[in-house]
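Before any comments, here is the structure.
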Amino acid sequence: MNSQIFHPFVLPFVLGMAFVLTYCLVGLIRVISQLPKDDRKKFWRSLVTPKTAWANIRDLFGDCLFHVKIWKRNPVLGYMHTAIAFGWFMIIVIGHVMLFTLKPLQGVEVERLQGMFTNFYYPIFFKYFAEETPVFAFLMDFFLLMIISGILIAVVKKIHSKIVGVKRVMHFGFADSLIRFALWTIFPFRLIAEKTNIMAFWWLYSIDLLIFMCMLPFTRYMHIPTEALFILLRHAGIKVTEPRKGYVLAELYSCPSCGLCIDACPMSVNDKMSGNTSAYFMKKLRNKDTEESQRIAETCLMCGKCVKICPLSIESCDIKFSQRASIPYNINSDHSYLNVISTEAEKSSKVLYFAGCMTQLTPKIMRAMKQIMEKAGEDYQFMDENGVICCGRPMMLSGKTAEAKAMVEKNTELIKKSGATKLVLSCPICYKVFKEEYHLEGIEIQHHTQYIDELVKTGKLKVSKGDVNYVYHDPCELGRAFEIYDEPREVLENVGNLRKAKSEKEISICCGGSLGSFTLTQQERDEITANSVNDLMFNNPDEIVTACPLCLKTFARKSPVKVKDIAEVVSEKI
Amino acid sequence: MIVEGKQKIWADYQKDIPDDHYFYVRSCIRQSFWPASEVTFLDIVRNKLGKDFYENEYHTTCGGIAYHSDSIPQETAMTIIARQFALMHESGYENYVCSCITSFGLYTETLETWHEFPELEAKIRQYLWDSCKKEFAKPKYLAHASDMIYKFRFDIAKQMKFPLVNVKTGKPLKVVEHIGCHYSKMFPSKGFGGAEYPHVLVGMVEAWGGEVIDYPERRQCCGFGFRQYFVQANRGYSESNTHKKFESMEPYEPDLIITNCPGCPYFLDRWQYVIAEQTGKTYGKDGYGIPALTYEEVAGLVMGYDPWDLGLQVHQVAIEPLLEKMGIPYDPKKKYQGVNGKDLGVPQCPMHIKSV
Amino acid sequence: MDFGFCLSPSSHVKMDSVDLTTFNRLKEINPDVNTCIACGSCTATCTAGNFTEMSFRRMLLMLQRGKEDEAKKMIQRCMLCGKCTLVCPRGINIRKILLDITR
Amino acid sequence: MKENILIIGGGAAGMEAATQLQKMGLTPIIIEKSETLGGHIAQWDRLFPAFHPAKDVVDKMLDQVKDVKTYLNTEVVDIQKDNNGFHAVLSNNEKIDAKAVILATGFDIFKAERKQEYGYGIYNNVMTSVELEKFFRTGKDERINNPKKIGFVHCVGARDVKVCNTYCSKVCCTTALKQACEIKEVFPDAEVYTFYMDLRMFGPGYEDLYLKTQKDFDVKCVRGRVCEVSEDMDGKLVIKAEDTLFGKPLKMTLDVLVLMCAMEKNKSIDAIQQKLGVANNNDGFMQNSDMYLGMNNTAQDGVFVAGACTAPKSLPDTIGEARSVATQVYNYINR
């Protein structure tokens, strides 16, 4: 065929490759240099720590090449991603392996072909320069066809996303469309070039690669190289601190804008609100659109579902918090008035019950809890029967962790003075902050779902089984945040029949009432609630049961059946 | 401003006043602050108009100050008043005229209360007998002294020497009228012109050639309010009321203020000095204040009384600019001469408000 | 000269000179503020209001009556718990408006 | 059965009662003291809550009574009752016999000058709601000269012992907000303030009207009664009120102040009312026999009442009462 070891058509590829490698290297240095000093140390250490190193290898293959998480979510999309990523990877690997086994074409010395420079482009245009052995030829064709099959799915998905089970997809600009077109055509061009050896296709193939690589840093495809770094950083245990810096930069560029979070997001009940989903947030933040990214950060319900279903587990909620912290609310909080509240406990008892602000608006939960604790013969006291100090979580939700301190400190003092060994909470919003931000050594913190479950299991509380069909709604802050999925379900099975919702546990849909959102209007929330109620009503339950006062209040607005708190349900059966 | 509208209201709030034969009672405050005003009043009605106004040396305070500062109960004030009425009756008069607005308000209130609650009247009748052995009697007619001047305003105009006109420009003087709150704000029907657009002083000013200005804070109290003034720390409240009025009237450039209450001319006059000391601001032209006069003083001026006989030198605000505007001759040397030419001494000149 | 007393500032709200910039900006972003019927639910349920004079209803009025500084001072008490928003019968997103006042 | 029914008053109540009675086969006779039928509503431009032209309603009513015997510029000067019914003498000396009498004499507008502190008739730019309505109808009023700030005072002559009217006049709140919208439509850049004591608006569509004033027209409602009006040097109105929700007195300058004058009983009927033996209630309106089942009946057999002569009423209230009085009269004739 050809007798050269070089042809000008390799130049576009070489240029592109050189550009993208340089860019990635600079980016890598930038991200690592922006890490706080401690985080940087952690990172280096993690690379040599066997445990994290193994996790790195596992995830680099599992996530970057095989996209295991997408398989779990949607096998068709999983195949699409694996086909393209793994196929491409294999072609590159096999290409390099073949360098050592190749049969040179007429008159070219093997040694020359294996030179440093040629190594750079040779495997990419292999067939032009050399002939494979049959086994390799088969493998190469196999993986090439695998890639093309993946691309075919992508094309179908683009044309009609519902066929592959995706309702909403992201809307992209010109640059993304162009690079996608380049990506789609690279391998068909290569196939045609290899099979026909028409020079034009070798050129097209190489130019496609140039386009792809040159545009890569400026489009969502940057996730391909960044993802690897992100996996390493995450395994090093680094946390989100500031938006658009260091670790977050790696997260931002790792987001492939796959759009899986769009369908998952409770806000995607209409087109307008689906623009508030994490995929768009990441894109806006990446593009330094501060106004929009702040807007989305303030709108988000912070239910955490997008994080749970994200194939890369990108911590978009944490990034949104850090983004909120950058909004100049200028409240200049002053909670010094809390100092005057007496911390003298009236009595000392083992169990301290803290209802929380929201539960004050749903007195039936408080009443049910009292009945349960009394029936179980518990030595308890009510911490906030006559007025409550906020737990501090809402303040943190606005990105004001420091300002929440006054409340955290006061509540800590009150709890410690009470002499209790167990703190029972009715509000999952409180539960999260008590678990994560309070230092209550020696005091067990339980949400009332866990507490009731324990009372039932230890026989302290006798319940009778009825024939009501319940469906349980997982409050975001209890379910996704702490994976308290089984306790409430077990309790409910003891008092009635449990029916399944359409989306349960980690994919349950936020009620729409979440305090996480600052800007959603009542009408918008109502739409979200209606959708969530529909999901819960999937198996026609008689009653919706939840374990969060806010969910309770929210669902009650829209539900066709009675909405109850789990404590209320139990109190009816004792 | 629709003058016809006001005239209609003025017509609605008229009262018939007996022409003659009055029992006159003085005001505690006025005889201390503006003694010449009451003297002038009696001189005008008796000597210039030839009316019968009788004074009885045994009359006392009406009890108003004590009543309004909550130091005596209503029954006590009423018994004091019953004694005054008894004196009138004993002297053979049935028309009662008082110099003080607070008294006028309290007399009106008392008479109305007796009318509404006859059992209270019976009680007071008994108290009066028990305490003074006097026979209870009610006046047939109750008037305030300014009502008399209002009634005789055209007779006074006939004897007028210096109308309320600026002799240099020929234009009427701009006059702020300010009635005492207790004149008609409690019982609108008892005052000429009612409470919202009282006519008692307006009538005088217009009869004597002046022009009344109606400014936004016209209805505002001068700020006397017994309780506010008696406690030093509360005086700022009193002063602030006056301040509000002056701020509101200032753009109209009034030449003088005419009043019919004991406290108002005092506070409208003295607070101008205090405000000037505290803020450096004066409200009249060229650093002078705006003279705040009693209606008797104004009547005396237009009738040609000597300004110093009217006691105008006891005002804080210098009166001379007004005298010059009206073309009233005066002897500056006599300003601080007492009776029989005794030298009273020239007061110290304040820092901000000008004196001559 | 010290008289032992002084002019007290007028308690009147002088509507002619009230600066409504903040309120108008707020109204532009949140047209809902106009639907407040001053029912006081927000104040009654307020967690901070349990301990302080905090009242969103009054705060809105303060902004309309030229007492912006007082309003901003009041916001400092807020714990952002959001109960006010939950109880508002007009569906006003109170917590957001609070944040917008000082923003 | 062509019995005469004497209807005193040719406003909404009188016309509607006549229409119904005629359909029932009776002979209504309307006595109207002014020169046209239609009463107060004929002077109105648009009706709350939906800004419906009053003329539409009045024209339809007029059309319905075109065959009803009507005396204009006429008053009843005397009326007697005997076993045969009522015998009325009209101001034109005509005598009319009737089997029943319906008093549909409606209301008078409170004379705004009685609230002296508002300075109606003294300050140039103080006007009444009726005059404002006339402005909407004719586009002319010399007081309204491209105003920048307009104020409305509610409850003028209502809920006020000082003018001896302790009742609520029912329609003024809604009218004020309707007029506030309308003035904003004419002068979009003007600021409109309403000074209310309570916003008493409860009918269908009224809350929507309220929300419209807030959302679309930015009408500023201040809870507190204007207590004092005066004029400044430029002839503008300076008003004082307390913002009771804020707990502070408030002062502002306005270009125009509109007084929402209450409904008062129409006293021109007092003499005839007395002859018929119909008393007044505590509010000074006519006393019906009871407010539930006897709202159209009076202490006097054969004398009926309808519309705003018994209490302040809106137009739908009045029409409803006019229809119910027709039934009462029909039953009375056929008893």
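The values are calculated or read from the model by the stated rules, or taken from the named source; none is laboratory data. Quick caveat: nothing in here was measured; it's all calculated off a predicted structure. When we count neighbours, we look across all protein chains shown, and the Cβ atoms used for this are built from the backbone with ideal geometry, even at glycine.
Could you please give the count of residues in the stretch C:56-69 that are within 18 Å of C:G40 (Cα to Cα) and more than 8 Å from chain D (Cβ to nearest Cβ)?
4
Just one of D:N73, D:N146, D:N125 is over 30 Å from D:N288 (Cα atoms), surrounded by fewer than 18 Cβ atoms within 10 Å (Cβ to Cβ), of a type in the set (S, T, N, Q) and in contact (Cβ under 8 Å) with a residue 24 or more places away in the chain; which is it?
Just one listed residue meets the conditions, D:N146.
If I filter the stretch B:1-57 down to residues being away from every other protein chain (no Cβ under 14 Å) and of a type in the set (F, W, Y), which single residue comes out as surrounded by the fewest Cβ atoms within 10 Å (Cβ to Cβ)?
If we take residues in the stretch B:1-57 being away from every other protein chain (no Cβ under 14 Å) and of a type in the set (F, W, Y), then B:Y54 is surrounded by the fewest Cβ atoms within 10 Å (Cβ to Cβ).
Somewhere in the stretch A:69-86, is a residue in the same structural domain as A:E132 (by TED's automatic domain parsing), in contact (Cβ under 8 Å) with a residue 40 or more places away in the chain and surrounded by fewer than 15 Cβ atoms within 10 Å (Cβ to Cβ)?
No, every residue in the stretch A:69-86 fails to be in the same structural domain as A:E132 (by TED's automatic domain parsing), in contact (Cβ under 8 Å) with a residue 40 or more places away in the chain and surrounded by fewer than 15 Cβ atoms within 10 Å (Cβ to Cβ).
To keep it simple, each residue is scored yes or no on (1) free of Cβ contacts under 8 Å to residues at least 60 places away in the same chain; (2) within 17 Å of B:T60 (Cβ to Cβ).
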| residue | (1), (2) |
| --- | --- |
| B:P118 | yes, no |
| B:W129 | yes, no |
| B:C132 | yes, yes |
| B:H144 | no, no |
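Is it the case that some residue within the stretch A:97-108 is surrounded by fewer than 16 Cβ atoms within 10 Å (Cβ to Cβ) and at pLDDT 75 or above?
Yes, the conditions are met somewhere in the stretch A:97-108.
Of all residues in the stretch A:386-429, which are farther than 19 Å from A:T359 by Cα, over 30 Å from the mean Cα position of the chain (by Cα) and assigned to a loop (DSSP other than H, G, I, E, B)?
Listed by number, the residues that qualify are A:G419, A:A420, A:T421.
So which strands (runs of 3 or more DSSP E) stay within the stretch D:51-134 end to end and still have 2 or more residues that are away from chain B (no Cβ under 14 Å)?
In the stretch D:51-134, D:69-71, D:76-82, D:85-90, D:95-98, D:100-103, D:107-109 are the strands (runs of 3 or more DSSP E) which contain 2 or more residues that are away from chain B (no Cβ under 14 Å).
Take the residues in the stretch A:508-538 that are of a type in the set (D, E, K, R) and within 12 Å of chain C (Cβ to nearest Cβ); name whichever of them is surrounded by the most Cβ atoms within 10 Å (Cβ to Cβ).
It comes out as A:R525.
Assess whether D:E228 counts as being more than 25 Å from D:K140 (Cα to Cα) and within 26 Å of the chain's Cα centre (by Cα).
Yes, satisfied.
Would you point out the residue of the stretch A:316-345, among those that are within 30 Å of A:C261 (Cβ to Cβ) and out of contact with any helix residue (DSSP H, G or I) (no Cβ under 6 Å at 6 or more places or on another chain), that is farthest from the other protein chains (Cβ to nearest Cβ)? Give the derivation first.
Going residue by residue through the stretch A:316-345, those that are within 30 Å of A:C261 (Cβ to Cβ) are A:316-329.
Subset that is out of contact with any helix residue (DSSP H, G or I) (no Cβ under 6 Å at 6 or more places or on another chain): A:318, A:321-322, A:325-326, A:328.
Numbers: A:D318: 19, A:F321: 14, A:S322: 17, A:A325: 13, A:S326: 12, A:P328: 6 Å.
Result: A:D318.
Conditions tested, residue by residue: (1) surrounded by 17 or more Cβ atoms within 10 Å (Cβ to Cβ); (2) of a type outside the set (A, V, I, L, M); (3) in contact with a Leu (Cβ under 6 Å, 6 or more places away or on another chain); (4) modelled with pLDDT of 95 or more.
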site	(1), (2), (3), (4)
C:C6	no, yes, no, no
C:P9	no, yes, no, no
C:K27	yes, yes, no, no
C:D32	yes, yes, no, no
C:A38	no, no, yes, no
C:C46	yes, yes, no, no
C:M54	yes, no, no, no
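Which condition does C:I75 not pass, out of (1) among the aliphatic types (A, V, I, L, M); (2) under 12 Å from the mean Cα position of the chain (by Cα); (3) within 11 Å of chain D (Cβ to nearest Cβ), if it passes all the others?
Just one mismatch for C:I75, condition (3).
Confirm whether D:I239 is farther than 30 Å from C:R58 by Cβ, touching a residue at least 12 places away in the same chain (Cβ under 8 Å) and not acidic (D, E).
no
Restricting to the stretch D:189-235, what's the tally of residues that are outside any loop (DSSP other than H, G, I, E, B) and over 30 Å from B:S248 (Cα atoms)?
Going through the stretch D:189-235 one residue at a time, the tally reaches 10.
State the number of residues belonging to the stretch B:182-201 that are within 14 Å of chain D (Cβ to nearest Cβ) and out of contact with any Gly (no Cβ under 7 Å at 6 or more places or on another chain).
9
Are there strands (runs of 3 or more DSSP E) fully within the stretch D:242-335 with at least 1 residues that are away from every other protein chain (no Cβ under 14 Å)? List them. Even if it seems obvious, please write down each step before you answer.
On the way: elements: D:248-254, D:256-261, D:263-265, D:303-305.
Once the strands (runs of 3 or more DSSP E) in the stretch D:242-335 are filtered for at least 1 residues that are away from every other protein chain (no Cβ under 14 Å), what remains is D:256-261, D:263-265, D:303-305.
Count, please, the residues in the stretch D:188-212 that happen to be of a type in the set (S, T, Y) and either at the interface with another protein chain (Cβ under 9 Å from one of its Cβ atoms) or surrounded by fewer than 17 Cβ atoms within 10 Å (Cβ to Cβ) (or both).
Counting residues in the stretch D:188-212 that are of a type in the set (S, T, Y) and either at the interface with another protein chain (Cβ under 9 Å from one of its Cβ atoms) or surrounded by fewer than 17 Cβ atoms within 10 Å (Cβ to Cβ) (or both) gives 2.
How many residues are under 22 Å from A:S514 (Cβ atoms), in contact (Cβ under 8 Å) with a residue 60 or more places away in the chain and touching a Leu at 6+ places or on another chain (Cβ under 7 Å) when one looks only at the stretch A:376-406?
4
Let's see how each residue does on (1) basic (K, R); (2) assigned to a loop (DSSP other than H, G, I, E, B); (3) more than 18 Å from A:D39 (Cα to Cα):
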site	(1), (2), (3)
A:Y221	no, no, yes
A:P225	no, no, yes
A:L229	no, no, no
A:R234	yes, no, no
A:G237	no, yes, no
A:R244	yes, yes, no
A:L249	no, no, no
A:C261	no, no, yes
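On the basis of being in a helix (DSSP H, G or I), of a type in the set (D, E) and under 18 Å from the mean Cα position of the chain (by Cα), does B:E296 make the cut?
Against the criterion (in a helix (DSSP H, G or I), of a type in the set (D, E) and under 18 Å from the mean Cα position of the chain (by Cα)), B:E296 qualifies.
Show me the helices (runs of 4 or more DSSP H) found entirely inside the stretch C:1-91 where at least 2 residues are out of contact with any helix residue (DSSP H, G or I) (no Cβ under 8 Å at 6 or more places or on another chain).
So the answer is C:21-29, C:68-75.
What helices (runs of 4 or more DSSP H) completely inside the stretch B:98-182 contain at least 3 residues that are outside the structural domain of B:C264 (by TED's automatic domain parsing) and either among the aromatic types (F, W, Y) or surrounded by fewer than 18 Cβ atoms within 10 Å (Cβ to Cβ) (or both)? Show your work before the answer.
Details: elements: B:101-116, B:118-132, B:145-151, B:153-158.
Qualifying helices (runs of 4 or more DSSP H): B:101-116, B:118-132.
Scan the stretch B:278-299 and give yes if some residue there is of a type in the set (F, W, Y), closer than 21 Å to B:S32 by Cβ and within 14 Å of chain C (Cβ to nearest Cβ), otherwise no.
No, there is no match, as no residue in the stretch B:278-299 is of a type in the set (F, W, Y), closer than 21 Å to B:S32 by Cβ and within 14 Å of chain C (Cβ to nearest Cβ).
Of everything in the stretch B:205-253 that's of a type in the set (G, A, S) and farther than 25 Å from B:G287 by Cβ, which residue is farthest from the other protein chains (Cβ to nearest Cβ)?
Per the stated criteria, the residue is B:G209.
Among the residues of the stretch A:207-219, write down those that are closer than 30 Å to A:D63 by Cβ and in a helix (DSSP H, G or I).
The answer is A:D208, A:L209, A:L210, A:I211, A:F212, A:M213, A:C214, A:M215, A:L216, A:P217, A:F218.
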